[in-house]
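Encoded as structure tokens, the structure appears first; notes follow it.
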Amino acid sequence: MNLEASTSELQHLDSHHHLHPFTDPKAILKDGARVITRADGIYLWDSNGEKILDAMAGLWCVNVGYGRENLAKVAYEQLQVLPYYNSFFKTTTPPAIALAKKLAEITPEGFNHVFFTNSGSEANDTVMRTVRRYWRVQDKPEKRVIISRKEAYHGSTVAAASLGGQSFAHEMDGLPIPDIAHIDHPYWYGKGGDLSLDEFGLKTAQCLETKIKEIGPDKVAAFIGEPIQGAGGVVVPPDTYWPEIQRICKKYGILLIADEVICGFGRTGKWFGSETFGIKPDMMPIAKGLSSGYLPIGGVMMHDRVMDVLIEKGGDFAHGFTYSGHPVSCAVALENIKIIEDEKLVEKVANETGPYLKKRWQEFESHPIVGEVRNVGLLGAIELVENKEKRQFFPSDKKVGDACKTFCFENNLVMRALKDTMVVSPPLTMTVEQIDEMTDLVKLCLDLTAEKFGIK
Ligand SMILES: *Cc1c(COP(=O)(O)O)cnc(C)c1O
């Protein structure tokens with residue numbers, strides 16, 4: 001293929017041969033896709049030579065930023081030595097061993113085993129199967145129901161999309177599959193009404209107890225939640241939320257799963273979101289920041305509480321992927337973690353860039369189109385509203401978030417719109433100067449959006 005082809009030729013070929021995820025194929029035939037050709041640090045370049053600030057770190061994943069020569073080098077070397085071998089049937093490889101050991105070191109106490117997958121979706125499929133296996137081998141096969149939350153995102157396979165709580169994903173093909181329930185999510189700004197943050201946090205957590213009683217505690221296997229819901233709108237739970245969830249899981253003896261696919265690997269200013277919120281999960285699906293997206297890899301961290309049962313009673317674990325523990329992906333993930341450690345990126349987010357982002361974004365609180373600003377670590381969300389005094393949202397058919405995203409696009413900023421919530425999740429390498437640069441661009445796009453919709 002001619003890489004020097006013009007943008008319009010590339011777009012033509014793309015729209016005629018490539019079915020894109022989460023995209024309307026008709027729209028792409030009409031508009032064409034933006035062709036990204038290279039990247040460095042926090043910036044992307046497109047086929048027209050435009051330089052774009054990537055405030056989403058790809059899809060929440062490029063934690064160490066683009067252009068890391070060491071990651072390329074490690075992959076090249078591993079490809080020469082052993083490009084592939086599997087970990088089925090009592091075999092293993094040195095990179096899989098080294099990464100598993102490293103993960104045991106950096107995850108919270110009691111997590112000493114990992115099951116490797118290629119993605120977060122596969123990690124959540126693995127969670128579903130493991131949870132049910134865990135109860136079955138303890139003679140409780142009727143414990144099958146997994147409780148999740150509205151607007152959750154756990155991936156796009158049948159199991160992961162069923163665990164997810166986004167109705168548009170379910171509507172695509174009639175999900176969820178049986179034995180999954182969804183409860184309210186702790187979205188205070190949108191759903192809190194007159195309740196204080198703390199009251200609302202408790203109230204939404206107690207939906208779990210109500211649901212367990214409704215289903216019957218003897219049928220409930222687990223609860224799953226992202227420490228901070230990502231694709232659901234960077235929904236930061238009130239401080240009262242997770243302790244209450246934890247209490248309820250303990251009371252009814254159900255497993256607690258923290259989906260760390262976004263929150264893991266420094267995003268919230270600790271290695272894992274569970275540490276930021278004091279959650280003590282039994283399993284943690286991981287992916288994204290595990291390799292900073294340089295190669296596909298995910299996994300499920302298994303707590304000793306789970307592993308002890310699987311070892312003692314589980315027998316053959318009849319589950320696995322051809323590429324579970326792929327040696328090249330493992331080698332790259334290990335080097336990626338080394339970069340996060342060597343450059344103290346977790347500490348930097350906690351002590352320097354996270355607080356600085358929060359401080360700069362407080363300026364938006366007085367912006368006429370902004371209802372609420374949320375920041376934890378290097379996650380940020382801005383709620384666009386029609387009337388900030390009355391906490392009144394725009395009618396959804398105005399598609400205000402989409403309009404704001406279009407302004408971002410035109411101004412070479414990648415910021416995502418989740419309905420009318422604008423979100424960022426930049427590389428953890430972002431400097432304070434780059435936070436200023438991003439914040440100025442965000443301000444410009446908010447001004448343009450406010451102007452377009454007549455908000456003063
Ligand atoms: C992205 C994501 C997933 C799915 O990961 P994939 O690698 O896209 O399959 C699962 N959980 C959360 C919280 C995510 O953000």
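The values are calculated or read from the model by the stated rules, or taken from the named source; none is laboratory data. Note that the structure is predicted; figures quoted are calculated from it, not measured. Please note: Cβ atoms are built from the backbone with ideal geometry, for glycine as well, and neighbour counts cover all protein chains shown. Calculation scope for accessible area: heavy atoms of the full protein, side chains included, ligands and nucleic acids excluded. Shrake-Rupley method; radii C 1.70, N 1.55, O 1.52, S 1.80 Å.
Quickly run through the stretch 272-286 and pick out the residues that are more than 16 Å from the ligand (Cβ to nearest atom) and more than 18 Å from Ala221 (Cβ to Cβ).
Glu275, Gly278
Against the definition (of a type in the set (A, V, I, L, M, F, W, C), farther than 24 Å from Ala287 by Cβ and not in a helix (DSSP H, G or I)), how does Ala152 come out, yes or no?
In short, no.
Contact list please: Cβ distance under 9 Å, first residue in the stretch 335-360 and closer than 14 Å to Gly269 by Cβ, second residue open to solvent by 80 Å² or more (accessible area, probe 1.4 Å), pairs at least six apart or on different chains.
Val346/Lys270; Val349/Lys270; Ala350/Lys270
I'd like to verify a number: residues in the stretch 35-60 that are open to solvent by 40 Å² or more (accessible area, probe 1.4 Å) and either assigned to a strand (DSSP E or B) or of a type in the set (Phe, Trp, Tyr) (or both), how many?
6
Is it the case that some residue within the stretch 128-136 is farther than 30 Å from Met422 by Cα, open to solvent by less than 30 Å² (accessible area, probe 1.4 Å), within 16 Å of the ligand (Cβ to nearest atom) and among the β-branched types (Val, Ile, Thr)?
Yes.
Test Trp242 against the stated conditions and say whether it is of a type in the set (A, V, I, L, M, F, W, C), assigned to a loop (DSSP other than H, G, I, E, B) and either without any contact (Cβ under 8 Å) to a residue 40 or more places away in the chain or open to solvent by 40 Å² or more (accessible area, probe 1.4 Å) (or both).
No; evaluated as a whole, the condition is false for this residue.
Looking at Thr240, Thr268 in this structure, which one is away from the ligand (no atom under 16 Å from the Cβ), assigned by TED's automatic domain parsing to the domain that holds Lys143 and of a type in the set (Ser, Thr, Tyr)?
Of Thr240, Thr268, the one residue that is away from the ligand (no atom under 16 Å from the Cβ), assigned by TED's automatic domain parsing to the domain that holds Lys143 and of a type in the set (Ser, Thr, Tyr) is Thr240.
Results for (1) over 30 Å from Ile382 (Cβ atoms); (2) aliphatic (A, V, I, L, M), shown as yes or no for each residue.
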site: Asp125; (1), (2): yes, no
site: Arg129; (1), (2): yes, no
site: Lys143; (1), (2): yes, no
site: Ser148; (1), (2): no, no
site: Ala152; (1), (2): no, yes
site: Ser167; (1), (2): no, no
site: Ile177; (1), (2): yes, yes
site: Asp184; (1), (2): no, no
site: Lys191; (1), (2): no, no
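Given the stretch 308-419, what strands (runs of 3 or more DSSP E) lie entirely inside it while holding 2 or more residues that are touching a strand residue (DSSP E or B) at 6+ places or on another chain (Cβ under 7 Å) and open to solvent by less than 80 Å² (accessible area, probe 1.4 Å)?
Where strands (runs of 3 or more DSSP E) fall fully within the stretch 308-419 and carry at least 2 residues being touching a strand residue (DSSP E or B) at 6+ places or on another chain (Cβ under 7 Å) and open to solvent by less than 80 Å² (accessible area, probe 1.4 Å), they are 370-376, 379-384.
Inspect the stretch 109-118 for any residue being part of a loop (DSSP other than H, G, I, E, B), of a type in the set (D, E, K, R), away from the ligand (no atom under 16 Å from the Cβ) and open to solvent by less than 30 Å² (accessible area, probe 1.4 Å) and give the result as yes or no.
no
From the list Ile28, Ile97, pick out the single residue that is part of a helix (DSSP H, G or I) and within 30 Å of Ile257 (Cα to Cα).
Going through Ile28, Ile97 in turn, the sole match is Ile97.
Any idea which of Val145, Val127 is touching a Pro at 6+ places or on another chain (Cβ under 7 Å) and among the β-branched types (Val, Ile, Thr)?
Result: Val127 is the single residue among Val145, Val127 that is touching a Pro at 6+ places or on another chain (Cβ under 7 Å) and among the β-branched types (Val, Ile, Thr).
Return yes or no: is Val400 under 30 Å from Met128 (Cβ atoms) and not assigned by TED's automatic domain parsing to the domain that holds Phe277?
Against the criterion (under 30 Å from Met128 (Cβ atoms) and not assigned by TED's automatic domain parsing to the domain that holds Phe277), Val400 does not qualify.
Taking Glu437 and the conditions (1) open to solvent by 10 Å² or more (accessible area, probe 1.4 Å); (2) in contact with a helix residue (DSSP H, G or I) (Cβ under 9 Å, 6 or more places away or on another chain); (3) in contact (Cβ under 8 Å) with a residue 40 or more places away in the chain, which numbered condition does it fall short on, given that it satisfies the others?
Single failed check for Glu437: (2).
Could you tell me whether the stretch 80-97 includes any residue that is free of Cβ contacts under 8 Å to residues at least 60 places away in the same chain and closer than 24 Å to Thr7 by Cβ?
No, the stretch 80-97 contains no residue that is free of Cβ contacts under 8 Å to residues at least 60 places away in the same chain and closer than 24 Å to Thr7 by Cβ.
Kindly provide the set of residues from the stretch 155-179 that are part of a loop (DSSP other than H, G, I, E, B), open to solvent by 60 Å² or more (accessible area, probe 1.4 Å) and more than 24 Å from Lys219 (Cβ to Cβ), ordered by number.
Of everything in the stretch 155-179, just one residue is part of a loop (DSSP other than H, G, I, E, B), open to solvent by 60 Å² or more (accessible area, probe 1.4 Å) and more than 24 Å from Lys219 (Cβ to Cβ), namely Ser156.
Restricted to the stretch 211-237, and to residues that are touching a residue at least 24 places away in the same chain (Cβ under 8 Å) and more than 16 Å from the ligand (Cβ to nearest atom), which residue is surrounded by the fewest Cβ atoms within 10 Å (Cβ to Cβ)?
My answer is Asp218.
Could you tell me which residue of the stretch 186-199 is surrounded by the fewest Cβ atoms within 10 Å (Cβ to Cβ), considering only residues that are out of contact with any Ser or Thr (no Cβ under 6 Å at 6 or more places or on another chain) and either under 16 Å from Gly232 (Cβ atoms) or not assigned by TED's automatic domain parsing to the domain that holds Gly232 (or both)?
Lys191
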